[in-house]
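Right, one structure below, let's go through it.
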Amino acid sequence: MPRLEDCWFYHTFDFPNIGVIPGNWDLRGRVEAYLGHVHFAGKRVLELGTASGFLALEMEKRGADVVAFDIAENLLPDLVPHASHLPIHAMQLSDNDFYRRLRNSFHFAQEQFGGHATHVTGNIYDLAPSIGLVDVSTFGSILMHLRDPFLALANAARFTRETMIITDRNYETPEYHAMLRAGQPAPVAPMPSSWAFRGYRKLGKLLFGDEIFPSQSLGKPLEVPAMMFLPNIADPELKQKLNSWFAYSPLVLQRMLGILGFADCTLTYHTQKYFSGEELQMFTLVARRTEAQRSRIDGPYPW
Ligand SMILES: C[S@@+](CC[C@H](N)C(=O)[O-])C[C@H]1O[C@@H](n2cnc3c(N)ncnc32)[C@H](O)[C@@H]1O
């Protein structure tokens, strides 16, 4: 087992004989919200980007058999190749020690709690068929760090029999909120949601298609299917954020999941504790398979 001092913890843990070791995120007590209240008993789960593996342990506790995936030692993460920070970029890319310590934290935590998750490393854009089929796949706070979120989702979709879960940041910046509402008319008084109105709306849909009565008008916040490019050369803290690519509206992810055959989506919001003490807003999308699964999971894209 790795030594505690050789670990870097992304998640906060309360270890049996050691006590609390703080990490970047403290998800303790809020796992149900983070994972969209999905039932894991008897499910085989592929967790993409396990980091210190707190969620792998929690899903196992709830009865799942977990494959915990992370980036392979010989691969580079998707860092933003910002022209004026190329030396920093190169330094970060060569900092394998960070990822070694992160992997150590996973194995340390598994050992401490007697976890059985299989730790698989590789390329999220080219998942190995040997992982095999799973019932559920999870993308916890990883899509924001990827240059090609759709390819990563498509990779997991081909392995997933039932449910895909995405948890990501619901940014509290004016820019993000402007994106969610870009080009939308100001909200009008909430429309009634009685059975008579729902029937009327269904009829409207049948006659005129989806756009006539968008579901947002039923009291949900307005939202567009958009993603925002986060790196900004005007941001003085940019060089500390070279691993952040996109902020998503839940709707853009819902559209991607629909294309991949997971059109039945549930969206929930929650807050989680960041190490600075801040409560950060997040959303979780749970998407159920609505199209039959392809018969093969190997071969070249698009499988
Ligand atoms: C922000 S952490 C999320 C941890 C955990 N899923 C959660 O929700 O608490 C992102 C994880 O994704 C991994 N990761 C980033 N880029 C990756 C890639 N290209 N392939 C596989 N894993 C990647 C990182 O190593 C890290 O463990």
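Plugging the Kirkwood radius over Cα pairs into Stokes-Einstein for the chain, at a temperature of 10 °C and a viscosity of 1.306 mPa s, what D comes out in µm²/s? D = 76 µm²/s. As a calculated quantity, the FRET efficiency between residue 234 and residue 30 at R0 = 41 Å, using C-beta atoms, amounts to about 0.75. The phi-based Karplus calculation (6.51 cos²θ - 1.76 cosθ + 1.60; θ = phi - 60°) puts the 3J(HN,Hα) values of region 24-40 at 5, 10, 10, 8, 4, x, 10, 5, 4, 5, 4, 9, x, 6, 7, 8, 9 Hz, whole numbers, x for Gly and Pro. Per residue, the average separation of C-alpha pairs within less than 8 Å and at least 6 apart gives the chain a relative contact order of 20 percent. Projecting the Cα atoms of 171, 231, 86 onto the dipole axis of the chain, where Lys and Arg carry +1 and Asp and Glu carry -1 at the beta carbon, places 171 farthest toward the positive end. Only Lys, Arg, Asp and Glu carry charge here, each on its Cβ (+1 for the first two, -1 for the last two); on that basis the chain has a dipole of about 1000 debye about its Cα centre. Rounded to two decimal places and with Rh computed the Kirkwood way over Cα pairs, what is Rg over Rh for region 6-91? Reported Rg/Rh, Kirkwood definition of Rh: 1.07. Between the beta carbons of residue 5 and residue 86, assuming R0 = 41 Å, the FRET efficiency works out to 0.80 to the nearest 0.05. Translational diffusion of region 10-158 was estimated from the Stokes-Einstein equation, with Rh taken as the Kirkwood radius over Cα pairs; at 20 °C and 1.002 mPa s the coefficient is 132 µm²/s. What is the Rg over Rh value, at two decimals, for region 92-191, using alpha-carbon atoms and the Kirkwood definition of Rh? On the Cα set of region 92-191, Rg over Rh gives 1.09. Of the accessible area of the chain, computed with a 1.4 Å probe over protein heavy atoms only, carbon and sulfur atoms account for 57 percent.
Charge tally around residue 99: other residues with Cβ under 11 Å, Lys/Arg +1 each, Asp/Glu -1 each, net -1. The local environment of residue 161, defined by Cβ-Cβ distances under 15 Å, has a net charge of +2 under the rule Lys, Arg +1 and Asp, Glu -1.
A Förster radius of 35 Å combined with the Cβ-Cβ distance from residue 125 to residue 181 puts the calculated FRET efficiency at roughly 0.65.
Electrostatic tally near residue 143: other residues with Cβ closer than 13 Å to its Cβ, Lys and Arg +1, Asp and Glu -1, net -1.
The values are calculated or read from the model by the stated rules, or taken from the named source; none is laboratory data. Given the structure is predicted, the values throughout are model-derived calculations rather than measurements. Don't worry about glycine lacking a Cβ; one is built from the backbone with ideal geometry, like all the others, and counts go over all protein chains shown. Areas reflect the complete protein model, heavy atoms only, side chains present, ligands, DNA and RNA absent. Shrake-Rupley method; radii C 1.70, N 1.55, O 1.52, S 1.80 Å.
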